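Here, each number is a calculation from the coordinates, and none is a lab measurement. Note that the structure is a prediction, hence the values are computed from the model and not measured. Here the Cβ positions follow ideal geometry from the backbone for every residue, glycine too, while neighbour counts run over all protein chains shown.
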Amino acid sequence: MSCGFNAIERIILSHDADEKCAATHHLHSHFNDYEFNHDHHPNGIATPGYPLALELVAPKSLKRRGISSQVGRNVLLHAIAHIEFNAINLALDAAYRFRNQPEQFYRDWIQVADDEARHFAMIRQYLNQHDCEYGHYPAHNGLWEMAVSTQHDIVARMALVPRVLEARGLDVTPGIIQRLDNVNDHKAVEILKVIYQDEIGHVDIGSRWFFYHCQQRELEPRSTFLKMVETHLHGELRGPFNISARLQAGFDQMEMRAIDAKYGAQ
Ligand SMILES: [Fe+2]
């Protein structure tokens, strides 16, 4: 039996998008063929594999364009492709980094990675149909930086990656869908609707594991979440929030009221 953790590490480090997606699907569909040996410590991964053509730059240097032109929509969808590509790495890293968890933890994050690889492929196909490829435009590395800063604490990871970064996707995606609908890009709308529904499930998985680990450590989850936001984001949680989607994704009413009161107006 090959080691699941070694396989995951290889996939995270893979630079080739096709190879990364195919290997993720294989890991997911052959989960039972892998053995997860918890005796070894995970390696630190400073940078996951990206296509060699992709230039990583500071977030501020990225240009935004209007989406009335196809080029503008390619830039937008390219940015989303980068988020999905990162999301494959982030989900796999949750499974790779945190050892001695219940088996369902590994099943869940490999399932999320499998979904993310499917999302990436849908957007990449869209880009290819419009003479664009992942790597044509620069992108930023902020998502992986959050993985590194939370690599030693599973509670911080579950709070910051699914419940902050991915949950932000729930806030902004309906507006992006509306803008794309306004310019009659039906294909892009269709793709983003699929992604949006799946991401509710991913944030919910993150919420469940966040609550599980808070319980293990006897931490009160609502105040712990806010404390993690203060520590890792210096309190810069951005609203406005999509409260109904977040309620479906494992946030509760009282928690959303507290988050909205503190950050909703930012
Ligand atoms: Fe996704």
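Rounded to the nearest 500, the helix-only mean residue ellipticity at 222 nm of the chain stands at -21000 deg cm²/dmol, with each DSSP H run of n ≥ 4 adding -39,500 (n - 2.57).
Sorting 100-112, 175-187 by their mean Cβ neighbour count within 10 Å, with the most densely packed peptide first, gives 100-112, 175-187. Within the listed set 167, 159, 245, the residue fluctuating most in the Gaussian network model of the chain (springs between alpha-carbon atoms under 10 angstrom) is 245.
Using a Gaussian network model of the chain with C-alpha springs under 10 Å, which one of 234, 15, 119 is most mobile by mean-square fluctuation? Judging by the Gaussian network model, the answer is 234. Taking the charge dipole of segment 42-155 about its Cα centre, with +1 at Lys and Arg Cβ atoms and -1 at Asp and Glu Cβ atoms, the residue from 136, 120, 104 reaching farthest to the positive side is 136.
Summing Cβ point charges (Lys, Arg +1; Asp, Glu -1) relative to the Cα centre of segment 125-261 gives a dipole of roughly 260 debye. What you get for segment 1-120, charging only the Cβ of Lys and Arg (+1) and of Asp and Glu (-1), is a dipole of about 780 debye around the Cα centre. Partner lysines whose Cα lies under 27 Å from the Cα of residue 63, excluding those fewer than 8 positions away in the same chain, are identified as 187, 193.
Within the same chain, lysines fewer than 8 places from residue 262 are excluded, and of the rest, those with a Cα less than 24 Å from its Cα are 227. The alpha carbon gyration tensor of the chain gives principal lengths a ≥ b ≥ c with a/c of 1.5 or higher and a/b no greater than b/c, which makes the shape oblate.
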